Structure formats: C-alpha cells, structure tokens
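What follows is one structure encoded as structure tokens, with my remarks underneath.
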Amino acid sequence: MCGGFTCSKNALIALNVLYIVVANILIGVAVYGRAASLVTNLPIVGGILACGIILILISVLGLLGAVKHHQVMLFFYMVILFLLFLIQFSVACACLGVNKEQQAQLAEQGWIHVDNDTLSQVQDNFRCCGFDEKVDKEIHPPICETQRCCIPPNTENCQCPPCMEKLQNTINYAFKLCGWIGLFFSFTEFMGVLLTVRYRNQKDPRANPSAFL
C-alpha cells in the first residue's frame, strides 16, 4: 500500500469515483427489489435506496475534499461516511436476516393497505388471484374470473393460484440481493474512512507548511 501524499490523494479520488458507481448499483438493486415485490412497502429496501442516494452526495464531498486537501471537508466526509457505513451494514444484515415468515408478514401488510389498482397490476403480472386464504377471508374475496389467469378458455371453474406463492421467491431473492450487495460495499466505505484518516494527516509537499491545520 502506497504511503505518499500523491498516492493517497489519487487513491481517495479513485475510491470516490467507485462510490458513485456503487451508489448507482445500490439504487438500481433497491428499485428492482421494490418493483419485484410490488405490493410490499419494504422499509429495508428503502434504506438501501436512501444509502445509495446519500452515498452519491458524500462522494461529491469526498472528491472536493481530496482534490483540495481541505481539512474541514475531509473531516465531515470521514464522519458522515462512517455513519453511512454503520447504517448500510445494519440494513444489509437486516435484509439477510429476514426469514420467509417475516417476508410473508411484510407482504401481507402491504397487500392489505395497497390500493386496488396496484393489486390488479400484481395479479395480472403474476397471473394469480388473491393473497392467501387467511387474508382473503379478512378482506373482500377477489373476483378471479376477471384476472388474466382465468382468461378464456379457462373461465369455467377457474382456480387461480394465490399471489403469495408467486411472490415468495421474488421477494426472497430481492432481500438477499440487496443484503449481499449492501454488505459487500459497506466494507468499501470503511476502507474509505481509513484512507481519509491517513490522507488528512499527511502534509501536502507543495503547500506552505504553516497552512497545514
């Protein structure tokens, strides 16, 4: 690992460029996770999305601080990046720790509170009808004959599968994908904190020594 001022500066700039790429990946994964689940208002997936947006803003601060070797910018960048690491690490662990029963509970709550237009969209996309027997008894029973899974010539005695069976694998995959990607990239943020601490304490050989804070 290089220890010179210029090397540390270039490494920090490159790392922040990587963060911008990572942030776009996190945003894309979170959007996919929310779109895949469709009816679930998943706060965990929303946390991944928020981390991605915040990471872009922090990367800009880090780039400016690295180019100018600005002590105040680097300090706030280091503190905020460490807090983001803690949040993203916690969210990623939560994504990986959610079991199928908890995923089903989240999906159930989302199904009950979502509007009818979204329910129709989900049932059309996944060719299913209703959520499961328990939920369908608590709320109004769905009219499955009008769904795509019962389009002619299957309208007579049509039995559409419940949507939870269709959504389970998709929701589980979205959680695991968000979790592993968030966990992996959270460690790059911790590396950024360590690199910033090192770079901030180095003196610019081209600057006036008395200007170093």
*Out of (1) more than 16 Å from the chain's Cα centre (by Cα); (2) modelled with pLDDT under 75; (3) part of a helix (DSSP H, G or I), the odd one out for residue 51 is which?*
(1)
*Residues that are part of a helix (DSSP H, G or I), at pLDDT below 80 and more than 20 Å from residue 52 (Cβ to Cβ), drawn from segment 178-213*: 209, 210, 211
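So, in segment 47-57, how many residues would count as being under 13 Å from residue 18 (Cβ atoms) and either buried (at least 23 other Cβ atoms within 10 Å of the Cβ) or in contact with a Lys or Arg (Cβ under 8 Å, 6 or more places away or on another chain) (or both)?
Selection size over segment 47-57: 1.
The values are calculated or read from the model by the stated rules, or taken from the named source; none is laboratory data. Everything quoted here is computed from the prediction, not taken from an experiment. No Cβ is skipped: glycine too gets one built from the backbone with ideal geometry, and neighbour counts run over all protein chains shown.
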